[in-house]
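Novice: So that we are looking at the same thing, I have put the structure below in structure tokens.
Where a number appears in this text, it was derived from the coordinates with a stated rule and is not lab data. The model shown is predicted, which means the values in this text are computed figures rather than measured ones. Note: ideal-geometry Cβ built from the backbone for every residue, glycine included; neighbour counts use all protein chains shown.
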Amino acid sequence: MSTEKFDLVIKDGQCVVPNPNGHGLMEQKLDIAISGGRIVKIRDSISEPAQQTISAKGLHVLPGIIDSQVHFREPGLTHKEDLDSGTRAALLGGVTSIFEMPNTNPATTTAELFQEKLNRAKGRAHCHYAFFIGGSPENVTELAQLEKLPHCSGIKVFMGSSTGSLLVEDDPTLERILLSGHRRVIVHSEDEFRLRERKHIAQESGDVHDHPVWRDAETALSSTRRLLALAQKTGRKIHVLHVSTAEEMDLLKDHKNIASVEVLPQHLTLYAPDCYDRLGNYAQQNPPIREKRHMDRIWKAVTDGTVDIIGSDHAPHTREEKERPYPSSPSGVPGVQTLLPIMLNHVHQNHLGLLRFVEMVTENPRRVFGIKNKGRLQEGFDADVTLVDLKKTKTIDNSWIASRCGWTPFHGMQVTGWMTHTILSGQIAMQDDQIIRPAQGQPVLFEV
């Protein structure tokens with residue numbers, strides 16, 4: 001009889017695992033054994049010895065949380081954030097994998113610049129990582145090859161709200177991008193032409209309360225309508241990021257054959273004018289936080305299955321930058337560290353079920369992006385695991401934020417539901433709000 005020990009056993013936890021009937025997830029009290037960075041055994045009870053054991057009694061054991069939209073600012077804008085501070089924030093927030101966006105300086109639009117990001121992350125990232133390539137008028141002909149690069153999470157397109165080569169405002173260029181390659185294309189959908197026409201509203205008022213007036217619902221809807229038409233024409237699947245309007249949800253629910261949908265904790269938690277009254281420019285992001293009717297419709301889309309993924313759109317700026325007079329203040333808020341506690345608090349308040357939430361940050365990113373060996377608790381999969389205490393109540397505080405910006409729009413908010421352990425490739429990397437194994441992150445693999 002073998003006396004070989006497992007590396008780690010997680011005992012007596014309420015595990016969120018795939019339903020044996022093949023539909024969705026289920027919750028079951030199970031033990032999980034891990035060796036060599038993989039889940040090797042899931043049973044009602046595991047009695048064999050282990051190098052290390054976690055008693056998960058009273059805790060929920062989730063697949064490692066995947067945040068598929070973050071901006072970690074490196075290279076070029078590292079006074080706001082870098083790969084070290086951003087992934088540190090992710091790990092503290094129970095996130096085991098992040099996909100980083102290409103609008104850095106310079107923008108990630110070539111194989112060389114993509115490799116530079118991988119080089120920068122190696123040995124410095126505290127969670128697993130992948131990077132998007134930016135689709136631009138300059139690199140259209142290379143995109144079919146660029147999307148196949150190892151550890152590339154896909155092609156990201158900005159139809160509005162970007163600068164320089166990353167802005168793809170016109171339909172002919174967008175159509176060329178959609179015709180180049182096969183993987184799902186990720187899109188920031190705002191109509192740049194309308195944004196330019198209406199910018200005078202923000203400039204004349206100088207009041208952040210007018211951010212959702214300038215970037216109104218029609219700005220998002222007209223862009224998404226154009227995008228869906230081109231996706232159907234080309235047959236290319238798309239992923240519409242941070243959907244913020246009721247009208248877009250009405251449209252997208254009828255186009256699930258071609259479009260997957262992301263929403264943010266901000267658009268599920270904050271609404272105008274209250275957030276601008278309280279937070280001023282610290283609530284400014286693109287697309288904007290809007291009136292409560294939009295938030296209510298987004299919640300309906302979450303519960304009826306229109307929404308596939310919740311991402312944070314973590315986009316930090318310094319206090320000094322955020323406190324510039326509007327509209328010269330930059331848009332974006334940090335969120336990778338607060339995604340899990342904010343959403344667990346919604347679970348606590350019965351706004352959605354735990355299984356539906358977990359599906360949107362594990363199983364669905366795995367499916368939408370074609371992630372290899374991550375996103376579920378299953379034998380043979382990577383041992384990325386997030387343990388949470390659904391009864392633990394804490395107050396989110398700026399002092400806890402690891403992001404270089406040092407603030408969160410959720411400062412002072414009491415939440416119920418908190419992460420106790422973040423396990424990366426079978427190693428406990430974060431426990432009880434402390435990083436205990438730094439820089440263990442590895443690049444994510446995709447089914448390309």
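Novice: Please identify the trypsin sites (Lys or Arg not before Pro) of region 362-448 that satisfy two criteria: DSSP loop assignment and at most 16 other Cβ atoms within 10 Å. Which are they?
Specialist: Those that pass, being in a loop and sparsely packed, are K372.
Novice: Sticking with this one: Angle check, please: helix 83-92 long axis (alpha carbons) against the longest principal axis of the chain (alpha carbons), in degrees 0 to 90, nearest 10.
Specialist: That helix lies at roughly 60 degrees to the long axis.
Novice: Also, quick follow-up: What ³J(HN,Hα) values, in whole Hz, does the Karplus curve 6.51 cos²θ - 1.76 cosθ + 1.60 give for region 38-44 when θ = phi - 60°, with x put for Gly and Pro?
Specialist: 10, 6, 10, 7, 10, 9, 4
Novice: Hey, rough spin-label estimate for T416 and L77, points 7 angstrom out along Cα→Cβ, what's it come to in nanometres?
Specialist: According to this spin-label approximation, the distance is 3.8 nm.
Novice: Could you name the lysines whose alpha carbon sits less than 16 Å from that of K322, not counting residues in the same chain fewer than 8 places away?
Specialist: Qualifying lysines at Cα under 16 Å: K80.
Novice: If the viscosity is 1.002 mPa s and the temperature 20 °C, what translational diffusion coefficient in µm²/s does Stokes-Einstein give for region 65-369 when Rh comes from Kirkwood over Cα pairs?
Specialist: 112
Novice: To test your reading of the geometry: what angle, between 0 and 90 degrees and rounded to tens, separates the Cα axis of helix 192-205 from the longest principal axis of the chain?
Specialist: Once rounded, the angle reads 80 degrees.
Novice: Looking at the square roots a ≥ b ≥ c of the eigenvalues of the Cα gyration tensor of region 303-361, which shape do they give, rounded for a/c under 1.5, prolate if a/b is larger than b/c, or oblate?
Specialist: Prolate, since a/c reaches 1.5 and a/b exceeds b/c.
Novice: Also, quick follow-up: Find the relative contact order for region 61-194 and round it to a whole percent, using C-alpha pairs within less than 8 Å whose residues are 6+ positions apart. Walk me through the numbers on the way to the answer.
Specialist: Values: 254 pairs, mean separation 27.2, N = 134.
Once divided by the residue count of region 61-194, the mean separation gives 20 percent.
Novice: Sticking with this structure for a sec: Mind jotting down the distance between the C-alpha centroids of region 166-245 and region 40-80, whole Å?
Specialist: Answer, in whole Å: 34.
Novice: With charges only on Cβ, +1 for K and R and -1 for D and E, what is the dipole size of the chain about its Cα centre, in debye, rounded to 20?
Specialist: Using only the charged Cβ atoms, the result is roughly 740 debye.
Novice: Can you give the FRET efficiency for T163 and D433, using 1/(1 + (r/R0)^6), R0 = 35 Å, r = Cβ-Cβ distance, to the nearest 0.05?
Specialist: 0.40
Novice: Let me make sure I get this right: for region 300-448, a, b and c are the square roots of the gyration tensor eigenvalues over alpha carbons, sorted descending. Under 1.5 in a/c it's rounded, otherwise prolate if a/b > b/c, else oblate. Which is it? Please report the intermediate quantities before stating the final value.
Specialist: Working: a/c = 1.43, a/b = 1.37, b/c = 1.05.
Because its axes are fairly even, with a/c under 1.5, region 300-448 counts as rounded.
Novice: Which whole-Hz ³J(HN,Hα) couplings does region 23-33 yield from phi under the Karplus relation 6.51 cos²θ - 1.76 cosθ + 1.60, θ = phi - 60°, glycine and proline marked x?
Specialist: Running phi through 6.51 cos²θ - 1.76 cosθ + 1.60 with θ = phi - 60° gives 10, x, 10, 9, 10, 8, 6, 9, 10, 10, 10 Hz.
Novice: Roughly what angle does helix 292-303 make with the longest principal axis of the chain, taking Cα atoms, 0 to 90 degrees, to the nearest 10?
Specialist: 40
Novice: Post the alpha-carbon centroid distance, region 313-327 to region 1-35, in whole angstrom.
Specialist: Cα centroid to Cα centroid, the span is 43 Å.
Novice: Please order T234, T224 by the number of other Cβ within 10 Å, starting at the fewest.
Specialist: Arranged by neighbour count, lowest to highest, T234, T224 become T234, T224.
Novice: When we measure straight from the Cα of K233, which lysines land under 24 angstrom away, once same-chain ones fewer than 8 places off are left out?
Specialist: Candidates past the 8-residue exclusion: K148, K156, K253, K256.
Novice: Moving on to the next point. Label-point separation (nm) for L355 and R367, each offset 7 Å from Cα along Cα-to-Cβ?
Specialist: The answer from the label model is 1.4 nm.
Novice: Same structure again: In nanometres, what is the gap between the two model label sites at D171 and A111, each 7 Å from Cα along Cα-to-Cβ?
Specialist: 3.4
Novice: Now for a separate question. Using a cut-off of 29 Å between alpha-carbon atoms, which lysines can reach K391, once sequence neighbours fewer than 8 places away in the same chain are excluded?
Specialist: K11, K29, K41, K57, K292, K300, K374
Novice: Loop-only trypsin sites (Lys or Arg not before Pro) in region 247-308, please: DSSP not H, G, I, E or B, and at most 16 other Cβ atoms within 10 Å. It would help to have the intermediate numbers written out before the result.
Specialist: Values: sites: K253, K256, R278, R290, K292, R293, R297, K300; in loops: K253, K256, R290.
Filter output for region 247-308: K253, K256.
Novice: Please work out whether region 193-273 counts as rounded, prolate or oblate from its C-alpha gyration tensor, where a ≥ b ≥ c are the square roots of the eigenvalues and a/c under 1.5 means rounded, while otherwise a/b larger than b/c means prolate and anything else oblate?
Specialist: Values: a/c = 3.17, a/b = 1.65, b/c = 1.93.
Verdict is oblate for region 193-273.
Novice: Another question about this same structure. Please turn the phi angles of region 260-267 into ³J(HN,Hα) values with the Karplus equation 6.51 cos²θ - 1.76 cosθ + 1.60 (θ = phi - 60°), one per residue in order, whole Hz, x for glycine and proline.
Specialist: Coupling constants for region 260-267: 9, 10, 10, 10, 10, x, 4, 6 Hz.
Novice: Please arrange R215, R184 by counting, for each residue, the other beta carbons lying within 10 Å of its beta carbon, fewest first.
Specialist: So the ranking, lowest neighbour count to highest, is R184, R215.
Novice: Between A144 and N257, how high is the FRET efficiency from 1/(1 + (r/R0)^6) when r is the Cβ-Cβ distance and R₀ = 22 Å? Nearest 0.05.
Specialist: 0.45
Novice: Also: Expressed as a rounded percentage, what relative contact order does region 218-377 have, with Cα pairs under 8 Å and six or more residues apart?
Specialist: That works out to 20 percent.
Novice: What is the antiparallel percent of DSSP beta bridges lying wholly in the chain, to the nearest 5?
Specialist: 50
Novice: Suppose a student asked you for the relative contact order of the chain, using Cα pairs under 8 Å spaced at least 6 residues apart; what percent would you report?
Specialist: Working: 1101 pairs, mean separation 94.0, N = 448.
Here the relative contact order equals 21 percent.
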